[in-house]
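Colleague: Here's a structure for you.
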Amino acid sequence: MSIPFNRKYKLERSENFDEFLKELGVNFVIRKMASSTTSTVELVKEGDNEYSFNTISSFRTQSIKFQPGVEFIENRMDGEEVPCIITFDGNKMIQEQKGRKPITMVRTFTDDELYLTIKIGDLEARRWFKAC
């Protein structure tokens, strides 16, 4: 299975997401807002080797533009600008954020779901999205 581009996925549930944000150093108010907001995400193919990953919610809207395997700077939820690299492996989109607290995000796509695993240190959070 390959990644279905230009498809939207709506957040269904999360596990350990508040703990992840706390470990990242995000303040209480922002953590509570981020944890209680339902978001929609979309991976868009914009050219031969150009993509954007869009996160849309009432709390925050973010779009990152990237080329697989090419490092870029991303502004994280903790406010830190970090070097980031995204690669594809079959039906997975793997995002590595460097910085004072490195983060790995693995998004696994199916036709009707997106499963996100986030790792920071020994902590792992998970989020489940449903195609809409």
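The values are calculated or read from the model by the stated rules, or taken from the named source; none is laboratory data. Remember, predicted model here, so these are calculated numbers, not experimental data. Reconstructed Cβ throughout: ideal geometry from the backbone, glycine too, with neighbour counts over all protein chains shown.
Colleague: Filter segment 78-121 down to residues that are closer than 22 Å to Ser39 by Cα and part of a loop (DSSP other than H, G, I, E, B) and give me whichever is modelled with the highest pLDDT.
Modeller: Asn91
Colleague: Is there any pair with a first residue in segment 27-38 that is closer than 17 Å to Glu12 by Cα and a second that is among the charged types (D, E, K, R) whose Cβ atoms are under 6 Å apart and which are 6 or more apart or on different chains, and what are they?
Modeller: That search, which allows pairs on different chains as well, returns Ser35/Asp18.
Colleague: Still on this model: Being surrounded by 13 or more Cβ atoms within 10 Å (Cβ to Cβ) and either under 21 Å from Pro4 (Cβ atoms) or among the β-branched types (Val, Ile, Thr) (or both) is the filter here; which residues of segment 72-92 pass it?
Modeller: Residues satisfying the conditions are Val82, Ile85, Ile86, Thr87, Phe88, Asn91, Lys92.
Colleague: Follow-up. Determine the pairs where a residue that is closer than 17 Å to Lys22 by Cβ, located within segment 102-130, has a partner that is surrounded by 15 or more Cβ atoms within 10 Å (Cβ to Cβ) and small (Gly, Ala, Ser) with Cβ atoms under 6 Å apart, the partner being 6 or more residues away or on another chain.
Modeller: Final answer for the pair search is Ile118/Ala125; Arg127/Ser14.
Colleague: Could you list, in sequence order, the residues of segment 31-71 that are within 15 Å of Leu21 (Cβ to Cβ), surrounded by 13 or more Cβ atoms within 10 Å (Cβ to Cβ) and either aliphatic (A, V, I, L, M) or in contact with a Ser or Thr (Cβ under 6 Å, 6 or more places away or on another chain) (or both)?
Modeller: Listed by number, the residues that qualify are Met33, Ala34, Ser39, Thr55, Ser57, Phe59, Gln62.
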